[in-house]
1. Report the FRET efficiency, 1/(1 + (r/R0)^6), for LYS152 and VAL18, where r is their Cβ-Cβ distance and R0 is 22 Å, rounded to 0.05.
2. Among LYS15/LYS191; LYS30/LYS105; LYS22/LYS105, which pairs are too far apart, with a Cα-Cα distance over 22 Å?
3. Using the basic label-point model (7 angstrom from Cα toward the beta carbon), what is the ILE222 to TRP196 distance in nanometres?
4. By counting other Cβ atoms within 10 Å of each Cβ, how are TYR156, TYR85 ranked from fewest to most?
5. Using a basic spin-label model with each label point 7 Å from the Cα along Cα→Cβ, how many nm lie between ALA79 and ASN31?
6. For the range 5-158, what is the relative contact order in percent, using Cα pairs closer than 8 Å and at least 6 residues apart in sequence?
7. For a quick check: sort VAL18, VAL96 by the number of other beta carbons within 10 angstrom, fewest at the front.
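All of the numbers you see were taken from the coordinates with simple rules; none came from a lab. Just so we're clear, the structure is a prediction, and the values are computed from it rather than from any experiment. Neighbour counts run over all protein chains shown; Cβ positions are idealised from the backbone, glycine included.
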Amino acid sequence: MLSSLLIRNYRIFKKIEVTQLKRVNLFVGKNNTGKSCLLEALQIYASKGDPQTINHIISSRDENWNTRTDVNTFHQSLAYLFNGYALPEAGKDPIVIGPIDDYAKQLIMSIKPFQISEDEEGRKIRIAIDPTKIKEDMIDMQLALETSIDQKRCHYIALDSHPFVNQSYKNVAKLTSNYQIVKTQHISDEKVSELWDNINLTDLEAEILSCLKIINTNISGIALVSDVSGRLNNLN
């Protein structure tokens with residue numbers, strides 16, 4: 001659990017610090033003051049920069065994530081994540097999300113140069129390059145949006161569309177995280193059903209019912225069923 005929060009260089013935030021967090025936190029503010037940006041940053045942190053999460057965030061803002069045949073358009077979509085809405089130079093002005101003073105737990109999202117090579121078995125590998133040592137005559141060099149924690153790579157998204165036209169991202173690390181975000185548009189019926197199946201007939205079901213009775217004391221149970229259109233209905 002985060003006990004504090006630092007967000008740097010993410011969208012409208014050049015830098016923002018929340019010095020103390022609890023298990024339950026309420027963020028309030030006027031329209032266009034950054035509440036959604038703050039929640040997006042937390043979502044990116046919880047997913048360790050998972051490309052699918054970034055895809056959903058960009059797509060929800062009507063940016064063109066999937067236009068991989070147009071490199072400039074794809075770059076503009078990724079630039080949306082950075083403060084100033086411009087991709088920084090390699091190794092400069094990274095996005096930082098995490099606890100204020102615990103650098104080992106901060107997620108770093110930055111543009112990194114890689115050189116594509118082959119290992120002894122002929123498999124393609126990507127070797128990180130010091131941005132200060134990039135030369136114009138370097139071959140097989142690739143820029144990528146990399147997310148890392150404690151200098152360990154979590155994910156990266158190649159910035160060139162070739163030869164990855166049909167591959168929206170490359171998942172480097174098989175990482176799992178346990179979180180759920182509920183947007184103002186709610187979540188899909190399928191996701192609601194999946195989440196309920198995880199706690200149905202467990203001790204957590206009784207806890208959920210106890211919480212719901214705070215709202216309506218007449219609730220005695222919950223079941224999810226589909227109508228003829230496939231939509232879920234609740235039986236109380």
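1. Plugging the Cβ-Cβ distance into 1/(1 + (r/R0)^6) gives 0.30.
2. Among LYS15/LYS191; LYS30/LYS105; LYS22/LYS105, the Cα-Cα distance tops 22 Å for LYS15/LYS191; LYS30/LYS105.
3. That separation, rounded to one decimal, is 0.8 nm.
4. TYR85, TYR156
5. Distance between label points: 2.7 nm.
6. On the way: 253 pairs, mean separation 33.7, N = 154.
In percent, rounded to a whole number, it is 22.
7. Working: VAL18 16, VAL96 19.
The order, fewest Cβ neighbours first, is VAL18, VAL96.
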